[in-house]
Amino acid sequence: MKTENKSVIIWLLSGCFLLFLMVTVGGITRLTNSGLSMTDWHLITDTFPPLTEAKWNAAFEEYKKFPEYQKINIHNDFQLSDYKFIYFWEWFHRFIGRIIGLVFIVPFIYFLFKKKLDSSTVKKCIVLLGMGGFQGFLGWFMVRSGLIDNPDVSHFRLAIHLTFAFITFAYTLWVALDLIYPEKKKTEKSLRTIAQYALLVLLLQIIYGGFVAGLNAGLIHNHWPLMSDGQFIHDSVFLEQKNWFLSFTEGKSGVQFIHRTLGYFVVAMIGLLYFKSKKFQLEQTQKKGINLLVLLVFVQFALGVFTLLYSVPLWLGLTHQINAFFLLTAMTFTLHRLSK
């Protein structure tokens with residue numbers, strides 16, 4: 001790592017931490033059903049929550065006009081105190097988004113002015129800024145789907161929003177790693193290929209994790225290794241929708257089946273990478289990355305099983321999502337070390 005790049009690396013890693021924090025708070029927002037509490041959004045005036053009781057009451061009355069309250073919470077003795085709780089998590093999620101914007105844009109301009117970024121890094125950072133802006137759009141696009149007719153957001157839009165946040169984090173980390181490890185070295189193509197496919201399977205699993213969250217599909221078939229009634233594939237997988245495609249993208253049973261089955265594939269791909277790597281003389285960073293991957297994938301698999309068995313309690317669902325972030329971090333690091 002070059003000394004002159006140290007401040008840029010710290011900046012990028014700070015962005016990684018904030019993205020991790022935002023996804024974590026986003027998970028709490030989803031698991032507490034807080035995502036539709038802010039029915040309107042103004043960039044300047046909504047920087048902080050309502051500061052007076054009158055403003056809280058006005059916001060609550062506005063919330064009552066939308067499907068989530070009218071179809072669900074009106075029947076649950078939902079009071080202003082309950083509204084303040086869900087409002088906080090959605091506001092905090094969006095507030096972190098603003099902080100991320102500032103953390104990326106202001107130092108980027110400073111580093112440009114000070115000529116601390118080479119042309120390659122400048123291009124990568126411009127891509128990052130574009131990804132950040134697009135992520136904000138995806139958040140609005142997702143929330144909008146739950147404010148019209150349905151009292152919940154589209155699980156497709158939720159999955160896109162979640163997965164793109166993971167991808168943005170991974171790319172930010174990759175740009176930082178380019179600066180931390182600027183040297184070129186020989187790598188094994190076969191290991192790199194396995195790692196690339198493992199990453200693709202992991203991203204597909206993250207997408208289906210978003211589907212499961214959006215459809216609340218973790219609240220059914222709370223058994224393992226079989227779904228229930230002694231069946232590996234429950235009959236309901238094929239009965240919920242009109243065809244297989246809809247069953248595996250919109251049916252709760254089908255989406256859960258794909259998510260739990262993909263878990264085996266993620267473990268298998270990382271296991272293959274581990275055993276294949278034993279045939280080569282690798283650097284310490286490469287060995288550490290692969291070993292960490294193996295540890296984290298088994299932790300993630302176990303967390304997934306227990307989250308399902310206990311019907312997605314908040315702490316377990318959140319831990320499962322956080323460890324997915326750690327797993328993607330290790331996957332990105334390992335692929336980077338196998339790619340230079």
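Summary table below
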| item | result |
| --- | --- |
| Point-charge dipole on Cβ atoms (K/R +1, D/E -1) for the chain, about Cα centre, debye to 20 | 1920 debye |
| Approximate spin-label separation Q284-L80, in nm, with each point projected 7 Å along Cα-to-Cβ | 6.1 nm |
| Descending semi-axes in Å of the range 70-191, equivalent ellipsoid built from Cα gyration tensor | 39, 19, 12 |
| For the range 131-209, diffusion coefficient by Stokes-Einstein and Kirkwood Rh (Cα), 4 °C, 1.567 mPa s, µm²/s | 87 µm²/s |
| Extended-chain gain in nm, criterion 0.36 nm per residue less alpha-carbon gap, V127 and I322 | 67.7 nm |
| Modelled FRET efficiency - R0 45 Å, A58 with Y310, Cβ distances, 0.05 increments | 0.70 |
| For the chain, fraction of C-alpha pairs farther apart than 28 Å, in % | 49 percent |
| Flagged links, alpha-carbon separation over 29 Å, of K123/K189; K184/K276; K252/K278 | K252/K278 |
| Distant alpha-carbon pairs in the range 107-257 (separation over 22 angstrom), percent | 58 percent |
| Per DSSP, loop chymotrypsin sites (Phe, Trp or Tyr not before Pro) in the range 210-290 with at most 12 further Cβ within 10 Å | F232, F280 |
| Sparsely packed trypsin sites (Lys or Arg not before Pro) within the range 105-191, loop by DSSP, other Cβ within 10 Å at most 13 | K114, K115, K184, K185, K186 |
| Extended-chain gain in nm, criterion 0.36 nm per residue less alpha-carbon gap, Y264 and R144 | 39.8 nm |
| Computed Kirkwood radius, in angstrom, where 1/r is averaged over Cα pairs of the range 206-340 | 16.0 Å |
| Kirkwood Rh in Å, taken over the range 1-131 so that all alpha-carbon pairs contribute | 17.1 Å |
| Convex hull per residue volume in Å³, alpha carbons only, for the range 97-138 | 48 Å³ |
| E240 versus N33: modelled label distance in nm, points set 7 Å from Cα along the beta carbon direction | 1.8 nm |
| Trypsin sites (Lys or Arg not before Pro) within the range 263-330: DSSP coil, no more than 14 neighbouring Cβ in 10 Å | K278, K279 |
| Percent RCO, i.e. relative contact order, over the chain, from Cα pairs under 8 Å lying at least 6 residues apart | 21 percent |
| Contour minus Cα-Cα distance for S339 and T193 (0.36 nm per residue) | 51.6 nm |
| Unit charges on C-beta of K, R, D, E only; dipole of the range 145-197, Debye | 440 debye |
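Read-outs throughout are calculated quantities, based only on the coordinates presented, and are distinct from any laboratory measurement. All values reported here derive from a predicted model rather than from experimental measurement. FYI the Cβ positions are ideal-geometry reconstructions off the backbone, even for glycines, and counts take in every protein chain you see.
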